[in-house]
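Notes follow the structure.
The values are calculated or read from the model by the stated rules, or taken from the named source; none is laboratory data. This one's a predicted model, so the numbers in the text were calculated from it and none came from an experiment. For neighbour counting, all protein chains shown are included, and Cβ atoms are generated from backbone atoms with ideal geometry for every residue, glycine included.
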Amino acid sequence: MNIAVIEGDGTGPEVIAEAKKVMEAACESSSEGRLEFFHYDLGGARYLKTGELLPESVLQELKEYDAILLGAIGHPDVKPGILEKGILLAIRFGLDQYINLRPVKLYPGVYCPLKDKGPDDIDFIIIRENTGGIYTGHGGVTHKGEPDEVATQEMIYTRPMVDRCLEFAFSLKEDRNKENPACSQKPLHLVHKTNVLTNCGDLWNRAFETMGADLYPSVWRVYAHVDATTMWMIKNPEWFDVIVTENLFGDIITDLGAMIQGGMGIAAGGNINPGGISMFEPIGGSAPKYAGQNIINPLAAICAGAMLLRYSGAEVDTEAADRIEAAVKKALGEGYIRSLAAGQMGMSTSEVGDLVSKFV
Ligand code: IPM
Ligand code: MN
C-alpha cells in the first residue's frame, strides 16, 4: 500500500511517527499489508516560508496513492481560516471526500466524563457529510466595515449530494446490524433541524425516508433534531449506533462525541471518498504548546492509522486494523496508560507507540 503522509504542524510529526510505527508492526505478519510512506511537506511552516498552501501539482499527485495519513494543520502565526481552508478543506473538497466518518467509542480503562456510563454505553459512529452545506463558501459580504454590514453563508445541498451520503450511511448500518445483533436493536439516526431549516432539513428528511423505504426496508430509521441530539449524547449515549448528518452539525456533534469517548487524545476520523482516495486524521488540532516535547498522546493518530487500513478501500488486510484496535484496547484496559491527556499518560509519546506496537 502506498500512503501519502502529511505530518503538518505542531505535534503532527510526533503523532504520525507513532501511527506509522504501529501500522508497520500490525502489517508485518501479513503478506498483503506491505506499507510504503511518502512524505509531503504541507502546513503552516511551509506557508510562512513560501506562501504555498496546497499546490495544484501536489493535489494531483495525492490522487495516485492508496490513502493519505494526516497529522494536524494549524499554526499559531497564521490567521485562522487560511490553513484550514487552503489545505485541509482543499484536500477534502479536491479529492471529493464526501464522507467524514468518526467513531465514538469509549475504550475500557478510559475516563469518561459521563457519570455511570461505560464502554457498553458509548459505541457508535457518526457519518458527517463532508463537502457540502455551509462549508462550500457560498455567500458573501457587502458594506464591509460599515454600520449596516451584511454577511451571508449559505447551506448548500443537492439531492445527489444528500443521496450519496445517505447511501453510505444505510449501507454501513446494514453491515453493523449483520455483524452485531446489539446494533440491529438500534436505529439509524438522521440528525438535522427540520423545525427551522425547512428547506435543507426537508430535503434530507425526504431523501432519508425514500431511500430507507425503497432500498433498506430492514433498517430502522429515526429522525432527531440536532439540539436534542446533543442532549441525548450526554444523557443516553447508548441509544445511538449510527448517526448521519450534514456538515456543520456533524462538525459540532463529533467534538461532543470525542469528549464522551475520552477526549481528543483518542478521537480519529476518516475523510472518505468511497470511489477514490481517502484521508485519515486525528480529530484534534496541532496543539503547538505541546509540540516537540514527546508528551502528546498519539492514540488518536494510531486509531486513524487503523481506520486507514480498514476504510481506504485498497486491497489490504483489514485484520491489521483489528489488531491495532485490540492493542489500543489492551494498552488502555490494562492500565498501562494512565490518562489520555498530554503530559499525563505516565509515559512519553514514543513509549505509547512502542507499547501499542508490542501488543499488535
Ligand atoms: C474538523 C475541524 C475542521 C472542520 C476545521 C479545522 C476546518 O474542525 O475536522 O472537525 O471544521 O471540519
Ligand atoms: Mn471540528
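Only one residue in ILE324, ILE277, ILE283, ILE260 is touching a strand residue (DSSP E or B) at 6+ places or on another chain (Cβ under 6 Å) and in contact (Cβ under 8 Å) with a residue 12 or more places away in the chain. Which one? Steps first, answer last, please.
Numbers: ILE324 fails: touching a strand residue (DSSP E or B) at 6+ places or on another chain (Cβ under 6 Å); ILE277 fails: touching a strand residue (DSSP E or B) at 6+ places or on another chain (Cβ under 6 Å); ILE260 fails: touching a strand residue (DSSP E or B) at 6+ places or on another chain (Cβ under 6 Å).
Matching residue, one of ILE324, ILE277, ILE283, ILE260: ILE283.
Please work out if MET259 is surrounded by fewer than 21 Cβ atoms within 10 Å (Cβ to Cβ) and more than 16 Å from ligand 2 (Cβ to nearest atom). If you could, list the steps in order and put the result at the bottom.
Details: surrounded by fewer than 21 Cβ atoms within 10 Å (Cβ to Cβ): yes; more than 16 Å from ligand 2 (Cβ to nearest atom): no.
No: the conditions fail for MET259.
Quick one: is ASP175 out of contact with any Asp or Glu (no Cβ under 6 Å at 6 or more places or on another chain), within 18 Å of PRO274 (Cβ to Cβ) and exposed (fewer than 13 other Cβ atoms within 10 Å of the Cβ)? Can you show your working first?
Values: out of contact with any Asp or Glu (no Cβ under 6 Å at 6 or more places or on another chain): yes; within 18 Å of PRO274 (Cβ to Cβ): yes; exposed (fewer than 13 other Cβ atoms within 10 Å of the Cβ): yes.
When the stated conditions are applied, ASP175 passes them.
I'd like the full set of residues that are touching a residue at least 12 places away in the same chain (Cβ under 8 Å) and in a helix (DSSP H, G or I), limited to the range 193-211.
Once the filter is applied, which keeps residues that are touching a residue at least 12 places away in the same chain (Cβ under 8 Å) and in a helix (DSSP H, G or I), the range 193-211 yields CYS200, LEU203, TRP204, ASN205, ALA207, PHE208, GLU209, MET211.
Pick out the one residue from ALA326, ALA287, ALA301, ALA321 that is within 16 Å of ligand 1 (Cβ to nearest atom) and within 17 Å of PHE359 (Cα to Cα). Walk me through how you get there before you give the answer.
Details: ALA326 fails: within 16 Å of ligand 1 (Cβ to nearest atom); ALA287 fails: within 17 Å of PHE359 (Cα to Cα); ALA321 fails: within 16 Å of ligand 1 (Cβ to nearest atom).
On inspection, the qualifying residue turns out to be ALA301.
Within the range 204-262, can you find the residues that are acidic (Asp, Glu) and within 16 Å of ligand 1 (Cβ to nearest atom)? So that I can check it myself, show each step before the final result.
Initially, the range 204-262 is screened for residues acidic (Asp, Glu), giving 209, 214, 227, 238, 241, 246, 251, 255.
Hits for the range 204-262 are GLU246, ASP251, ASP255.
Select, from LEU88, LEU101, LEU83, the only residue that is surrounded by 19 or more Cβ atoms within 10 Å (Cβ to Cβ), aliphatic (A, V, I, L, M) and out of contact with any helix residue (DSSP H, G or I) (no Cβ under 7 Å at 6 or more places or on another chain).
None of the other options fit; the residue is LEU88.
Do we find a residue being closer than 30 Å to ALA169 by Cβ and surrounded by fewer than 23 Cβ atoms within 10 Å (Cβ to Cβ) anywhere in the range 33-45?
yes
When you go through ALA306, ALA287, ALA301, ALA326 one by one, which is the residue that is over 24 Å from ASP9 (Cβ atoms) and in the same structural domain as THR11 (by TED's automatic domain parsing)?
On the way: ALA306 fails: over 24 Å from ASP9 (Cβ atoms); ALA287 fails: over 24 Å from ASP9 (Cβ atoms); ALA301 fails: over 24 Å from ASP9 (Cβ atoms).
Testing whether each residue is over 24 Å from ASP9 (Cβ atoms) and in the same structural domain as THR11 (by TED's automatic domain parsing) leaves just ALA326.
Could you please tell me which pairs satisfy a Cβ distance under 7 Å, a separation of 6+ or placement on different chains, a first residue in the range 87-100 that is in contact (Cβ under 8 Å) with a residue 60 or more places away in the chain, and a second residue that is within 11 Å of ligand 1 (Cβ to nearest atom) and in a helix (DSSP H, G or I)?
ASN100/GLY250
Of all residues in the range 327-360, count the ones that are in a helix (DSSP H, G or I) and out of contact with any Gly (no Cβ under 9 Å at 6 or more places or on another chain). Full working, then the answer.
Going residue by residue through the range 327-360, those that are in a helix (DSSP H, G or I) are 327-333, 349-359.
If we keep only those that are out of contact with any Gly (no Cβ under 9 Å at 6 or more places or on another chain) as well, we get 327-328, 330, 349-359.
Going through the range 327-360 one residue at a time, the tally reaches 14.
Does the range 266-283 contain any residue that is part of a helix (DSSP H, G or I) and either closer than 23 Å to ILE122 by Cα or touching a His at 6+ places or on another chain (Cβ under 9 Å) (or both)? Quick ask: steps written out before the conclusion?
Kept after step one, since they are part of a helix (DSSP H, G or I), are these residues of the range 266-283: none.
No, every residue in the range 266-283 fails to be part of a helix (DSSP H, G or I) and either closer than 23 Å to ILE122 by Cα or touching a His at 6+ places or on another chain (Cβ under 9 Å) (or both).
Among the residues of the range 83-97, is any in a strand (DSSP E or B), closer than 20 Å to LEU248 by Cβ, modelled with pLDDT of 95 or more and under 13 Å from the mean Cα position of the chain (by Cα)? Spell out the reasoning first.
So in the range 83-97, the residues in a strand (DSSP E or B) come out as none.
No: the range 83-97 contains no residue that is in a strand (DSSP E or B), closer than 20 Å to LEU248 by Cβ, modelled with pLDDT of 95 or more and under 13 Å from the mean Cα position of the chain (by Cα).
Output the number of residues of the range 212-256 satisfying the condition of being hydroxyl-bearing (Ser, Thr, Tyr), assigned to a strand (DSSP E or B) and either in the same structural domain as GLU281 (by TED's automatic domain parsing) or more than 15 Å from ligand 2 (Cβ to nearest atom) (or both).
Counting residues in the range 212-256 that are hydroxyl-bearing (Ser, Thr, Tyr), assigned to a strand (DSSP E or B) and either in the same structural domain as GLU281 (by TED's automatic domain parsing) or more than 15 Å from ligand 2 (Cβ to nearest atom) (or both) gives 1.
With respect to the numbered conditions (1) surrounded by 17 or more Cβ atoms within 10 Å (Cβ to Cβ); (2) free of Cβ contacts under 8 Å to residues at least 12 places away in the same chain, which one is the sole condition not fulfilled by GLY346?
So the condition that GLY346 fails would be (1).
Given the options GLU334, GLU315, name the one that is acidic (Asp, Glu) and over 22 Å from ASP175 (Cβ atoms).
Values: GLU315 fails: over 22 Å from ASP175 (Cβ atoms).
Step by step, each of GLU334, GLU315 is checked, and only GLU334 is acidic (Asp, Glu) and over 22 Å from ASP175 (Cβ atoms).
Suppose the filter is surrounded by fewer than 17 Cβ atoms within 10 Å (Cβ to Cβ), closer than 25 Å to ALA17 by Cβ and more than 16 Å from the chain's Cα centre (by Cα); does ASP77 pass it?
Criteria met by ASP77.
Just need a number here: residues in the range 144-192 that are in contact with a helix residue (DSSP H, G or I) (Cβ under 8 Å, 6 or more places away or on another chain) and in a loop (DSSP other than H, G, I, E, B).
The total comes to 4.
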